[in-house]
Every structure is written in C-alpha cells, then in structure tokens.
Amino acid sequence: VRRFLMTKKESGRLRGDGELSASSLRRLHVTLNAVFGWATKKGIVAANPMADLRAPRLSKTTAKAMSAADLRTFINATRRHRLHAAFHLLAVTGCRRGELLGLRWEDISTPDIGQASITIRRQIKKEGNRPVVGSLKTESSMRRIPLDDATVEVLERWRAEQEAEREAIGDGWVGSGFVFTNEAGETIHPDWFTNLFSRLARESGLGHATPHVMRHTAATLMLEAKVPTKVVSDVLGHESVRTTTDIYQATVERMGREAVAGLGALLTGDA
C-alpha cells in the first residue's frame, strides 16, 4: 500500500506525466482506509494496513477574488456581449465553468416571483478538442441554487435572444438544449469560454482573470456579506463546510475578528 501511494505521488496522472495533488492523494488514502476498515471488520484481513499511514496534509491556499468594484466593472463592461447572461450567472451563483456550460433550460425553475432556482446536474468537460457532457465533480456538486428576480430577467432576455438566433439560422440550428451555446446552438468548449472570459477581463482593465476567479469572488462576497458558511458551502457545492473554510481561511478569520471586536465593543459600551 505504501508503494502504491508513493507511485501515485510521483506519477499518478493517467498519462503518467506528473504527480497527483495532495487532495487527490488524500482521497485515495480515505478510500483505501474505508475499504480495509470494512475488510478488517469482516475478517478478510487481520488488521488495517492504513492504520500507520498518515494522510497527506492539505496546504492552506489563498483564493484570488475580484473586489466588488471590479466585479461591477466587469459585468457593466460585458453588458452588451452576447454571453453577458453567462457572466452574470457566474457572478451570482459561483458555479464552476463546466457546470455553467452544462446547464439546460429545464434546469431553470421559475415557479413564482422570489422562488426561482437552477439545479446543477451535469458539467461540460473537454475531451481533446471536443466538449463532452460529463458527471459532476462530486456527489455534493449536484445541488439547487436560488436565483434572484433580477437574474431571472437577465436569463429571460437571453432566452429570447437565443430563440431569435435559432429562427435566423433555420435548419442550421443544432439545438443542443443547453442554456449557453454558440451562434449555431452548439455546445461551448470550456477552454474557448475561459479564453473569452480572460480577454474580456483584460479589455475591462482588470488584468488576468478566469471563470474560476469569478467563483472565488462570489464566495468571498457572500462570506463578507455575513452569509453563513454552511450556506456558502452548499451554494458552491463543496464536499463539506471544512473545504469552504480551508479555501477561504483568510476571509473567515477576518470575519471572526470583526465579530469578536463587535462583541467586545458591545460589552464595554463602545458600540
């Protein structure tokens, strides 16, 4: 088992051209521990060989995010762009790039004012030069995210524009059923979308930015708005609240200090 994990650490990628990340190695460790734990209980093996093997520690990383002002700048600068609705939805939901591109119209529910939502069920992944439909990153990635009424209006305008494109192209329309497509109704390649996003960010004067930066921005702004960490974790589709607090450690710690300072001021009468 030790040899297996070491091999995966050194050249664990499917193509054999690089090491696995600490998070991937940790998932392997957890899975093996669960399997051998079960086998030990059933008497298949005498002892769990994972007992003396320590799981890799995950390094604390600082997520990059736009400021609220930069986010407004980007959204305003792309307001006339054909895919403005996609950028807007990224900003308010923090969904992953592949999840955004994998949305179908039936995944959007608008039963009444104030009750709208989207359901994340699949993602678009890249297979060479082709975009393909794939399963979500984790089981917790399948989730329902509430939508505000302003976002619903943005999506409704985009749906009308897409319908106009369909009528204009006629028989050449592919009709993939996805919310965000190219002008012919075809699935958008994830890399193409990232390149477009980065170019528009540069043209907006924001420097280098990617759709993943938008995800971090949504998460950071939600936390700064005092949205409970559990709610933020659910919206982002993280495996656990611990994942959220690990990624956004600096933001959570700053909020904690502000909360403690506020309580201290209250007790001393300075509030």
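The values are calculated or read from the model by the stated rules, or taken from the named source; none is laboratory data. Just so it is clear, the model here is predicted, and its values are computed rather than measured. Here the Cβ positions follow ideal geometry from the backbone for every residue, glycine too, while neighbour counts run over all protein chains shown. Surface accessibility is based on the protein's heavy atoms, side chains included, excluding ligands, DNA and RNA. Shrake-Rupley method; radii C 1.70, N 1.55, O 1.52, S 1.80 Å.
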For L221, are the conditions met, namely being in contact (Cβ under 8 Å) with a residue 24 or more places away in the chain, part of a helix (DSSP H, G or I) and open to solvent by 20 Å² or more (accessible area, probe 1.4 Å)?
-> yes
With respect to the numbered conditions (1) open to solvent by less than 60 Å² (accessible area, probe 1.4 Å); (2) assigned to a loop (DSSP other than H, G, I, E, B); (3) touching a residue at least 40 places away in the same chain (Cβ under 8 Å), which one is the sole condition not fulfilled by L196?
-> (2)
Within the range 105-120, residues being without any contact (Cβ under 8 Å) to a residue 40 or more places away in the chain and either among the hydroxyl-bearing types (S, T, Y) or assigned to a loop (DSSP other than H, G, I, E, B) (or both) number 9
What pairs come up if the first residue lies in the range 28-39 and is closer than 18 Å to P56 by Cα and free of Cβ contacts under 8 Å to residues at least 24 places away in the same chain, the second is assigned to a helix (DSSP H, G or I) and not β-branched (V, I, T), and their beta carbons are under 7 Å apart, counting only those six or more places apart or on different chains?
-> L28/L5; L28/K8
Within the range 121-141, can you find the residues that are loosely packed, with under 14 Cβ neighbours inside 10 Å and either part of a strand (DSSP E or B) or of a type in the set (A, V, I, L, M) (or both)?
-> E127, R130, V132
Picked from the range 142-187 (must be of a type in the set (D, E) and touching a helix residue (DSSP H, G or I) at 6+ places or on another chain (Cβ under 8 Å)), the residue most open to solvent (accessible area, probe 1.4 Å) is E183
Output the qualifying pairs, or none if there are none: Cβ atoms under 9 angstrom, residues six or more apart or on different chains, first residue in the range 67-80 and within 18 Å of A150 (Cα to Cα) and free of Cβ contacts under 8 Å to residues at least 60 places away in the same chain, second residue assigned to a loop (DSSP other than H, G, I, E, B) and among the aromatic types (F, W, Y).
-> none
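Can you list the helices (runs of 4 or more DSSP H) lying wholly within the range 15-103 that have 1 or more residues being out of contact with any Cys (no Cβ under 8 Å at 6 or more places or on another chain), surrounded by 12 or more Cβ atoms within 10 Å (Cβ to Cβ) and modelled with pLDDT under 90?
22-41
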Odd one out for R215, checked against (1) closer than 17 Å to A91 by Cα; (2) of a type in the set (K, R); (3) more than 19 Å from the chain's Cα centre (by Cα) = (3)
Count, please, the residues in the range 199-214 that happen to be open to solvent by 10 Å² or more (accessible area, probe 1.4 Å) and under 14 Å from I75 (Cβ atoms).
-> 6
